[in-house]
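Student: Dropping a structure here in structure tokens format, bear with me for questions.
Bear in mind these aren't lab numbers, they're just calculated from the coordinates by the rules spelled out. Computed from a predicted structure; not experimentally measured. Counting neighbours? That spans all protein chains shown, and the Cβs are built from the backbone with ideal geometry, glycine included.
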Amino acid sequence: MSDRETWATRPGFVLAAIGSAVGLGNLWQFPFKTATNGGAAFVVFYLVAVALVGFPAMLAEFVLGRRTHVNAVDAFSRLGHRKWRAVGGLAVLTGFWILSYYNVVGGWVLRYILGSARGAYFSDPAGYFGSVSAGLDAVVAQAVFLALVVGIVALGIEDGIEKATKVMVPSIVVLMVALAAWVATLPGAAAGYDFFLSPDPGAMVANAGTIIPFAVGQAFFTLSLGMAIMVTYSSYVGGDDNLVADGGAIVVTNTLVGILAGLVVFPILLTIGAEVTTGTGGAGALFVATAAGFGTVPFGRLFGVVFFGVVLIAALSSAISLLETAVAYANDNYDVPRHYLAPAIGVALFLLGLPSALDTAWLTWFDSFAYQVFLPLSVLATAVFVGWVLGRDAVAELREGTGGLGAGGEVWLWTVRVVVVAAIVLTLALGINEMFLVEDAGFFQPF
Ligand code: PHE
């Protein structure tokens, strides 16, 4: 990067990282993955994965970024390991893949802002979701969302986004708490909490093989790991930041937002009698549930516009962080100005996102592939590099700014070396097994 900057303030880094982390991963994916993977059992595996795999892996990305102060690909050559640049390339590719269908969901959010203003979904929330989530409508909405993302990145007006982020996270929390308090009064609330929060140990054991890959993938997705984002962001961090404390704050905030989303979505879904584990409880969970809620409360239209407006900002700030990473890398290496790069990458993203916009079955397939293959592979490669190649150097870097970690540094190193690596190998094995071998999840038959 030619114009190397550092974050002006320490909260600047933490807030930007939270802005990237808090997004559709928390508000849309988390309830959706919970619904389709067995409810509370999934939540338990997910929380364990965040703590034991996601958090240490995030610190590994931070170490890489802050040690080298360069983009996620060149970081490896800066450390004298040119061959490992492929790992950075894989991360950029993973982000690109994910962004292709993320834009489609961003388009749904745009549609729901308009739909709220008109009260369009009030009479039939599930039917409305079906009609806007795929087909020409979805293609147009995807293009508009993508144009917003490209426009912001091309103009480089990230300042605006930084400011929006500062308002966004608190507003999401306030709105979600208000919604959660209101849905607690619904008749289906108890059943919703039960589905979301009381795991059945028998089911957990029986379904561990299918749940684990999604729980680990969800931890990576929601923490923005394996997509070159956290390496890039931490490359702007000065030496005296406490990476462990920063990472902890990011992980905790991000997890709380996801939990809040679940506390809102499930009581509504069970109240309206939606098929939680499939159909509207799947990709439509957030949209159908909240829309049904807004259809019944006073000032529902206003509530809907504000709510989906906040979701839009959360989605934008995540999408921007991802496109920015790709543009920054290309900009550094090929000397093409960003106002050409951003639209060019945007067109490629649009094309790759087309199948997902035309049919939600494709979206689900792209998403599964990201969860079960791209994200675990990308984080695994980074963990192997940081844990086994950098080793004690990585611990030394992590220690900077912490005022001494004690034995914590060693514990982290061995967690990255063994726990993270083993968990991902297991995830990959289980995920690939399911994609290729399980008959009804045939690899080339998303339908
Ligand atoms: N953590 C982000 C989210 O939860 C993941 C993401 C970041 C996805 C950037 C796309 C782009 O939404």
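Student: Once every Cα of segment 273-333 carries one equal point scatterer and solvent is ignored, give the base-10 log of I(q)/I(0) from the Debye formula at q = 0.25 Å⁻¹, two decimals.
Tutor: Values, matching the q order: -0.98.
Student: Please arrange GLU61, GLU397, GLU410 by how many other C-beta atoms lie within 10 Å of their C-beta, fewest to most.
Tutor: Working: GLU61 31, GLU397 22, GLU410 12.
Going from sparsest to densest Cβ surroundings: GLU410, GLU397, GLU61.
Student: Go ahead and estimate [θ] at 222 nm for the chain from helices alone: -39,500 (n - 2.57) per DSSP H run with n ≥ 4, summed, over the residue count, rounded to 500.
Tutor: One gets -23000 deg cm²/dmol as the mean residue ellipticity at 222 nm.
Student: To the nearest 0.05, what FRET efficiency results for ALA51 and ALA191 with a Förster distance of 41 Å applied to their C-beta separation?
Tutor: For ALA51 and ALA191, the calculated efficiency is 0.90.
Student: Further question on the same structure: In a GNM of the chain with a 10 Å cut-off on Cα contacts, which of ALA203, ALA370, ALA180 has the highest mean-square fluctuation?
Tutor: Judging by the Gaussian network model, the answer is ALA203.
Student: Related question: Order these peptides, 321-333, 242-254, 27-39, by their mean beta-carbon neighbour count within 10 angstrom, highest first.
Tutor: In descending order of packing, they fall as 27-39, 321-333, 242-254.
Student: Further, regarding this structure: Over segment 1-160, with a single point scatterer placed on each C-alpha, what log10 of the ratio I(q)/I(0) does the Debye formula yield at q = 0.08, 0.11, 0.14, 0.19 1/Å?
Tutor: Log-scaled intensity ratios, in q order: -0.35, -0.66, -1.01, -1.40.
Student: Tell me which of ASN333, THR210, GLN29 sits at the most positive position along the dipole axis of the chain, charges placed on C-beta atoms (Lys, Arg +1; Asp, Glu -1).
Tutor: The residue sitting most towards the positive pole is ASN333.
Student: I need the calculated FRET efficiency for the pair ARG82 and ASP335, taking r as the beta carbon distance and R₀ as 25 Å, to the nearest 0.05.
Tutor: With a Förster radius of 25 Å, E is 0.80.
Student: A further question follows. Taking 0.36 nm per intervening residue step and subtracting the Cα-Cα distance, what contour gain separates VAL419 from VAL167 on full extension? Don't skip to the answer; put the middle values down first.
Tutor: Values: separation 252, 0.36 × 252 = 90.72 nm, distance 3.63 nm.
Here the segment from VAL419 to VAL167 would lengthen by 87.1 nm.
Student: For segment 98-217, state what percent of all Cα-Cα pairs lands in each successive 10 Å bin, counting from 0 Å until the bin that includes the largest distance.
Tutor: 10, 23, 34, 27, 6, 0
Student: Once the cut-off is 28 Å, how many percent of the Cα-Cα pairs in segment 10-437 end up in the long-distance tail?
Tutor: It works out to 45 percent of all Cα pairs.
Student: Compare SER224, SER235, SER368 in a GNM of the chain, Cα atoms joined below 10 Å, and give the one with the largest fluctuation.
Tutor: Sorting by GNM fluctuation, first place goes to SER368.
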